[in-house]
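The values are calculated or read from the model by the stated rules, or taken from the named source; none is laboratory data. Not measured: the values here are computed from a predicted model. Note that each Cβ is placed from the backbone with ideal geometry, even for glycine, and that neighbours are counted across all protein chains shown. These accessible areas exclude ligands, DNA and RNA; they are computed on the full protein's heavy atoms, side chains included. Shrake-Rupley method; radii C 1.70, N 1.55, O 1.52, S 1.80 Å.
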Amino acid sequence: MPSNTRIRQLTGPLTSLTLAALLCGCQGLSISSADAQPKDPMVNAPPITRGLDAEGLSLLLTAEMAGQRGDFRRATEGYLKAAERYHSPALVKRATFAARFTDDPELLERAARRWQTLAPETTAAAELLGSLASIRGDWSEALQQKIIAIDARERSDITRFVDTALASGADPSAMDSILREALVSPPASKPVRLDLELALSLTETAQGQLKNAQQRLARLGKTADDMPQRWLATSRLNLEQDNPQAARQAAKRGLDLAPQDALFLLLLAQADIRMGNLAAAEKSTDALLAERGDTPELRIGLARLYFSEGHTAPVKHLLLPLVGDPDAPSATYLLLASIAEEEGDIDNALLYYRQVPEGPNYLLSRQAASLMLTADGRLQDARDFLRSERQHHDESYTGLVIIEAQLLDDEGLGEDADTLLERELARTPEDSDLRYFYAMRAWQNGDMDTSESELRRLVEQEPDNATALNALGYTLADSGSPDELDEAEALIQRAYKLDPQSAAIQDSLGWVAYRRGDLTTALRWIEQAWNTLPDQEVAAHLIEVLWDLGQHERAQEILGVAREQFPNHPYIDELLERRPEITP
């Protein structure tokens, strides 16, 4: 499928889970850097105790001298070579110690993995590998290492780690599988097993399996009542069940057991907000600001909790002190603008939108402002606003033109949008982003000739533009002409070589195979695309291929998922109109 340029919505409510991640940060062994070296960084490294031959002695002397000079990369490599030569856990541990001062996560991970291989019983390597995995967002690997690290301990806090991981966007189903596997072989102690069970209830809650989570907690009875993790899991479940009173009681039990744990203050605040008990909620949020540091990020996170429940006064109370601060995050102004817009204060909302600086939310704010003015019957003001912004923000010029064109299309003024785009393309014919938008807009409007000609021109200008190659190939494959399939496939294969991870390109390869009648190959590519990018157009392709393969039940299962996941699904609607037999 072609990859359409979209301005994504970045201001959705920050969940309590996301805010929990902000409060907790990454857990695990700290990773030192060269900026914080001790006077003698190798002083605590393990001693070298084994006999050496001449070459081994040379390796170790070189590594030792490199470490003393502060050349920790060379020291690490030297110790690793020596460790390989003698299969020595002590040497690879020394290599890992040196690697912590190199500011090279890949080298540090290589050393730590070798350490874990030579000494699988050590927990320090697992802690370090878990920390590295957390930093790069590989939460499944981090959880596996966390479980290894606690294997020999009497107590653990897997539940808290899983809560942080879920807050940071971890896949709950992947973590669920790892936890179940860990429970198959009995853990070292009863507290560890209870901790794993509680963590599993969190992944079940995150997947919407609320009944399973509730049954799991009920089976534990009172055996985990003295564990703060129990009340963390219970409060999360109660909030998902829309039972804020029970959630508050659970959070209070957790706070009694762990009075320094800010997460329970957060859960208390969220429960009170849900119940409309704003005085109690503000008491908790004030305590959070006092205990965890009054940072703009924390203020915004707390403000979003109130905003998501429709309480705007506390949002203003939290955010207005940030206005005018040059370091205030753009979310400050987006939230205040949204509140002003809801209150009908359009001019004040516009002032807030205009304070969002260049960066990830700049175009979003200008799009929101122009839509607001148009909805207020001020289309010309919206166009003047976007034109003024273009004069002052060269880096976002093309994006602002696209926003205006979309605005005109939405208002039924397609000819005015044509005039705008053609004028800007005549002014900057080398603008590939604008030409791509123009081509895809023509494709969406059914003007295949214009779309194809513009994409060919773009490919001629930029022969290594994978997005344009894929779009042109898909357009030819979808045109209905078997004579163009060879060229279509060649273009998409060129795109695939440039960007093999692109789900849009994988979907296009599958669609070419489908047009050729190769359903097995089509399914392989389109299913791969669907697993990477659950998009309604990919879903429509997958449903049709599955149906033609006779997998009707699975096709209708994907249809149900797509209808639920995508409120607007024109590709699904078009498929069902064309193939009514697929409709359940």
| said: For the stretch 497-510, give me the residue count where each residue is closer than 12 Å to Trp525 by Cα and open to solvent by 60 Å² or more (accessible area, probe 1.4 Å). | reply: 1
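So, in the stretch 69-84, of the ones that are in contact with a helix residue (DSSP H, G or I) (Cβ under 6 Å, 6 or more places away or on another chain) and within 20 Å of Leu118 (Cβ to Cβ), which residue ends up surrounded by the most Cβ atoms within 10 Å (Cβ to Cβ)? Lay out the reasoning, then the answer.
So in the stretch 69-84, the residues in contact with a helix residue (DSSP H, G or I) (Cβ under 6 Å, 6 or more places away or on another chain) come out as 72, 74-76, 78-83.
Adding the requirement that they be within 20 Å of Leu118 (Cβ to Cβ) leaves 75-76, 78-83.
Values: Ala75: 28, Thr76: 28, Gly78: 25, Tyr79: 32, Leu80: 24, Lys81: 18, Ala82: 25, Ala83: 23.
For the stretch 69-84, the residue satisfying everything is Tyr79.
Given the structure, is Gln367 under 25 Å from Lys252 (Cα atoms) and part of a helix (DSSP H, G or I)?
It is false that Gln367 is under 25 Å from Lys252 (Cα atoms) and part of a helix (DSSP H, G or I).
Can you find a residue in the stretch 279-286 that is free of Cβ contacts under 8 Å to residues at least 24 places away in the same chain and of a type in the set (Lys, Arg)? Full working, then the answer.
Kept after step one, since they are free of Cβ contacts under 8 Å to residues at least 24 places away in the same chain, are these residues of the stretch 279-286: 279-280, 283-284, 286.
Restricting the remaining residues to those that are of a type in the set (Lys, Arg) gives 283.
Yes, that holds for at least one residue.
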| query | Could we say that Asp464 is within 17 Å of Tyr514 (Cβ to Cβ) and open to solvent by 60 Å² or more (accessible area, probe 1.4 Å) here? | reply | no
| request: Would you be able to say whether some residue in the stretch 102-119 is at pLDDT 85 or above, under 22 Å from Glu181 (Cβ atoms), open to solvent by less than 20 Å² (accessible area, probe 1.4 Å) and not small (Gly, Ala, Ser)? | output: no
| request: Scan the stretch 499-548 residue by residue and report those that are of a type in the set (Ser, Thr, Tyr) and within 27 Å of the chain's Cα centre (by Cα). | output: Ser502, Ser508, Thr532
| So which pairs qualify, if the first residue must be in the stretch 494-518 and outside any helix (DSSP H, G or I), the second must be aromatic (Phe, Trp, Tyr) and surrounded by fewer than 24 Cβ atoms within 10 Å (Cβ to Cβ), the Cβ gap must be under 8 Å, and the two must be at least 6 apart or on different chains? | Ser502/Tyr496
| query | How many residues does the stretch 173-192 hold that are surrounded by fewer than 14 Cβ atoms within 10 Å (Cβ to Cβ) and among the acidic types (Asp, Glu)? | reply | 1
| Can you pull out the residues in the stretch 423-465 that are under 25 Å from Glu395 (Cβ atoms) and either free of Cβ contacts under 8 Å to residues at least 12 places away in the same chain or not in a helix (DSSP H, G or I) (or both)? | Arg423, Ala426, Arg427, Thr428, Pro429, Glu430, Asp431, Glu462, Asp464, Asn465
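If we keep just the residues of the stretch 466-489 that are over 22 Å from Arg435 (Cα atoms) and in a helix (DSSP H, G or I), which is modelled with the highest pLDDT?
Filtering first and then ranking leaves Glu489.
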| Exclusive hit being open to solvent by less than 30 Å² (accessible area, probe 1.4 Å), modelled with pLDDT of 85 or more and not in a helix (DSSP H, G or I), set Ala170, Ala142 | Ala170
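Applying the selection to the stretch 55-65, what residues are among the small types (Gly, Ala, Ser) and either without any contact (Cβ under 8 Å) to a residue 24 or more places away in the chain or exposed (fewer than 15 other Cβ atoms within 10 Å of the Cβ) (or both)?
Just the residues of the stretch 55-65 that are among the small types (Gly, Ala, Ser), to begin with: 56, 58, 63.
Scanning the stretch 55-65 gives a single hit, Ser58.
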| task | Please list, ordered by first then second residue, the pairs with beta carbon atoms under 7 Å, 6 or more apart or interchain, first in the stretch 566-584 and in a helix (DSSP H, G or I), second open to solvent by 30 Å² or more (accessible area, probe 1.4 Å). | result | Ile572/Arg563; Leu576/Thr583; Ile582/Trp547
| note | Residues in the stretch 199-245 that are over 17 Å from Leu166 (Cβ atoms), in contact (Cβ under 8 Å) with a residue 24 or more places away in the chain and among the aliphatic types (A, V, I, L, M) total 3
| message | Suppose we filter the stretch 238-283 for residues that are open to solvent by 10 Å² or more (accessible area, probe 1.4 Å), under 30 Å from the mean Cα position of the chain (by Cα) and not aliphatic (A, V, I, L, M); how many remain? | response | 12
| query | Assuming Gly473 fulfils every condition listed in (1) under 31 Å from the mean Cα position of the chain (by Cα); (2) closer than 25 Å to Ser396 by Cβ; (3) not acidic (Asp, Glu) apart from one, which condition is it? | reply | (2)
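Given the options Asp347, Asp384, name the one that is among the acidic types (Asp, Glu), in a helix (DSSP H, G or I), free of Cβ contacts under 8 Å to residues at least 12 places away in the same chain and under 18 Å from Leu334 (Cα atoms). Let's see the steps before the verdict.
Working: Asp384 fails: under 18 Å from Leu334 (Cα atoms).
None of the other options fit; the residue is Asp347.
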